[in-house]
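Structure, as structure tokens:
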Amino acid sequence: MTNHTPVIFDKHNSNNEEQYQTWLTQNPDGFVVNTTWNTRERANYMVLHRATCKSISNYTAKKKWGGYTQRNYIKVCAQDIESLRDWIKNNGRPNGSFTREFPRCCKQDWRV
């Protein structure tokens, strides 16, 4: 059963980068699907991360402000994985599977 409606951060709102970072800070036990803006390619790239994963939150020389929500990627955020599976089912992957779950960058953060 779905507990929470996912929050989507994308380039439709210029404030989304700041709002996304705020969501991560306020929801450290949450989850994030990193996916592409391009709906035709989306089914091939839906990666599940923990909200604490540095690869989807920390800015670097290559990952500058706006790089997480204002360009070619969107973030779909929720408190529970089932809400994200439901979103995925309606957005390109009918079986609700992620293309990857907790990539190497998140292994140290994951607690079962």
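If you check every pair at least six apart or on different chains, which have Cβ atoms under 9 Å apart with a residue in the range 13-39 that is under 18 Å from Lys54 (Cα atoms) first and a residue that is among the polar types (S, T, N, Q) and not in a loop (DSSP other than H, G, I, E, B) second?
Here the result reads Phe31/Ser83; Asn34/Ser55, each pair linking the range 13-39 to a residue that is among the polar types (S, T, N, Q) and not in a loop (DSSP other than H, G, I, E, B).
So which residues in the range 44-57 are in contact (Cβ under 8 Å) with a residue 40 or more places away in the chain and either in contact with an Asp or Glu (Cβ under 6 Å, 6 or more places away or on another chain) or buried (at least 16 other Cβ atoms within 10 Å of the Cβ) (or both)?
First, pick out the residues of the range 44-57 that are in contact (Cβ under 8 Å) with a residue 40 or more places away in the chain: 44-50, 52-55.
Selection gives Tyr45, Met46, Val47, Leu48, His49, Arg50, Thr52, Cys53.
Can you name the number of the only condition in (1) surrounded by 11 or more Cβ atoms within 10 Å (Cβ to Cβ); (2) closer than 28 Å to Asn95 by Cα; (3) at pLDDT 75 or above; (4) in contact with a strand residue (DSSP E or B) (Cβ under 9 Å, 6 or more places away or on another chain) that His4 fails?
Going through (1) surrounded by 11 or more Cβ atoms within 10 Å (Cβ to Cβ); (2) closer than 28 Å to Asn95 by Cα; (3) at pLDDT 75 or above; (4) in contact with a strand residue (DSSP E or B) (Cβ under 9 Å, 6 or more places away or on another chain) one by one, His4 breaks only (3).
Could you list, in sequence order, the residues of the range 22-42 that are surrounded by 15 or more Cβ atoms within 10 Å (Cβ to Cβ) and at pLDDT 90 or above?
Trp23, Leu24, Asn27, Gly30, Phe31, Val32, Val33, Asn34, Thr35
The values are calculated or read from the model by the stated rules, or taken from the named source; none is laboratory data. Quantities reported herein were computed from a predicted structural model and do not represent experimental measurements. All Cβ positions, glycine included, derive from the backbone under ideal geometry; neighbour counts span all protein chains shown.
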